[in-house]
Amino acid sequence: MDLKIERRTHPTAQNLVDTVKEMLVHTPYNSLKSENVLFRSGVSRGPLYHHFENFEDLIEVAQTQIYQDYVGAVVAALTRIATTLGDPLATRQEFVKILEESEKVTTLERRRQRVGLIHNAASIDSFQEILSATQESLNRKWMQIYEVCVAKGWASPEFDSRTVAILMQSAFFGRILDDISPVHIRPEAWITTLSRLFDCFFFCKVLAAEM
């Protein structure tokens, strides 16, 4: 079995990854020690080097999962709703619910982690390669949402789907700017504004017809 596939499916490999993810909440990646991870996970050293090329490889896989987890659940839920529902207004309502749930569960620590991961990728070539592939996967999922809405006649085809994908992700990433601002936006104001951005790209033809 391919090593990259095995470490995504084997429970021992995922146990190690989950342990690192938990520890990275409060510990910088370059301060993690293999013996601490093994002790906390209950895994011996042999399986670590069976499932991963080295300890740094394990750290990079864990960081990649953290990066994807930040928006992965949101975009997966949006994709499912867009592809399964036939009523655009009902779809729009479900989109708003997903945004509201995301706001409740996404923590300051998770957002700060994502900034740190991008910084790490800028200086570690191997991590940049794996994170780049993950980012492209997220791009394509956002592109799919837009293309589905265009195909259903809800959205205008005038925009480039990749540009829409990047812009939508940058809006989520922009939430981090509020974390470092002295005055914070209200969560309900954030949801309202973000929903309007969704309207512009995914439901513009439907809402224009309603007016």
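The values are calculated or read from the model by the stated rules, or taken from the named source; none is laboratory data. Keep in mind the model is a prediction, meaning the values are calculated, not measured. Cβ coordinates were reconstructed from backbone atoms using ideal geometry, including for glycine residues, and neighbour counts include every protein chain displayed. Protein only, heavy atoms only, side chains kept; ligands, DNA and RNA dropped before computing areas. Shrake-Rupley method; radii C 1.70, N 1.55, O 1.52, S 1.80 Å.
Given the DSSP H assignment, sum -39500 (n - 2.57) over each helix run of at least 4 residues in the chain and divide by its residue total; what's the result at 222 nm in deg cm²/dmol, nearest 500? Kindly include the intermediate steps, with their values, before the conclusion.
Values: 12 runs with 167 residues, N = 211.
Rounded to the nearest 500, it is -25500 deg cm²/dmol.
Among the listed pairs 104/141; 21/152; 21/141, those with a Cα-Cα distance over 28 Å are 21/152. Phi angles of segment 191-205 translate, via the Karplus equation with coefficients 6.51, -1.76, 1.60 and θ = phi - 60°, into HN-Hα couplings of 5, 4, 5, 5, 4, 5, 5, 4, 4, 4, 9, 9, 9, 5, 5 Hz per residue; Gly and Pro are given as x. Once the other residues with Cβ under 11 Å from the Cβ of residue 21 are scored (Lys, Arg +1; Asp, Glu -1), what is the net sum? With Lys, Arg at +1 and Asp, Glu at -1, the neighbours total -2. Dipole orientation for the chain: of the candidates 138, 183, 202, 183 has the Cα lying most toward the positive pole (charges on Cβ; Lys, Arg +1; Asp, Glu -1). In this Cβ point-charge picture (+1 for Lys and Arg, -1 for Asp and Glu), the chain has a dipole of about 260 debye about its Cα centre. With all protein chains kept in place, the per residue accessible area of segment 24-160 amounts to 52 square angstrom at a probe of 1.4 angstrom. First compute the accessible area of segment 61-157 with a 1.4 Å probe, then give the percent of it belonging to carbon and sulfur atoms. Here carbon and sulfur together make up 54 percent of the probe-accessible area. Think of each Lys and Arg Cβ as +1 and each Asp and Glu Cβ as -1; about the Cα centre, that makes the dipole of segment 89-211 roughly 140 debye. Neighbours of residue 37 by Cβ distance under 11 Å: Lys/Arg scored +1, Asp/Glu scored -1, total +1. Once both labels are positioned 7 Å from their Cα atoms along Cα-to-Cβ, the gap between residue 207 and residue 176 label points is 2.7 nm. Between segment 12-34 and segment 90-119, the alpha-carbon centres lie 22 Å apart.
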